[in-house]
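Heads up, the thing below is written out as structure tokens.
The values are calculated or read from the model by the stated rules, or taken from the named source; none is laboratory data. All values reported here derive from a predicted model rather than from experimental measurement. Ideal geometry is used to build each Cβ from the backbone, glycine not excepted, and the neighbour counts take in all protein chains shown.
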Amino acid sequence: MTNIRFTGSFGHFFIVSIGLILLSIVTFGLALPYLSYWTTRYFFTELEVGSRPVEFTGSFGEYFLVSLGLILLSVFTLGLALPYYGYWNVKYFASNLQVRG
């Protein structure tokens, strides 16, 4: 059986998260997709499978465009598209992970 270990630290996560939340407030929510992207990417890329690190190969540009479209669709459908946004978010990250080594 292979062990999976999380190597991130709360201090680093907290400081960057606070900065991104403040940026989201200043940009009237425009930075929220980046907050979501960074948070999910942080938790996945701070994993080790055995002693091999996990790498994320996706791009923020692609993530941002699709997220923006799905958020707008959710607004127009009064939230009915939100479950799909959650599904797509997890699928996007899981599809762009690799274990190095």
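Go over the candidates F93, F43, F60, F56 one by one and state the one that is touching a Leu at 6+ places or on another chain (Cβ under 7 Å) and closer than 21 Å to G8 by Cα.
F56
So which pairs qualify, if the first residue must be in segment 72-101 and under 29 Å from V49 (Cα atoms), the second must be exposed (fewer than 10 other Cβ atoms within 10 Å of the Cβ), the Cβ gap must be under 7 Å, and the two must be at least 6 apart or on different chains? These pairs meet every condition: N96/T57; Q98/T57.
Output yes when any residue across segment 68-84 is in a helix (DSSP H, G or I) and under 12 Å from the mean Cα position of the chain (by Cα), and no when none is. No; the residues of segment 68-84 include none that is in a helix (DSSP H, G or I) and under 12 Å from the mean Cα position of the chain (by Cα).
The test for being modelled with pLDDT of 95 or more, of a type in the set (A, V, I, L, M) and out of contact with any His (no Cβ under 8 Å at 6 or more places or on another chain) holds for I25. The requirement of being of a type outside the set (F, W, Y) and over 30 Å from T2 (Cβ atoms) is not satisfied by L97. Criterion applied to S36, S95, S9 was being surrounded by 11 or more Cβ atoms within 10 Å (Cβ to Cβ), on the phi < 0 side of the Ramachandran plot and among the small types (G, A, S), and the one residue passing it is S36. Among the residues making up segment 42-55, those that are more than 10 Å from the chain's Cα centre (by Cα) and not in a loop (DSSP other than H, G, I, E, B) are T45, L47, E48, V49, R52, P53, V54, E55.
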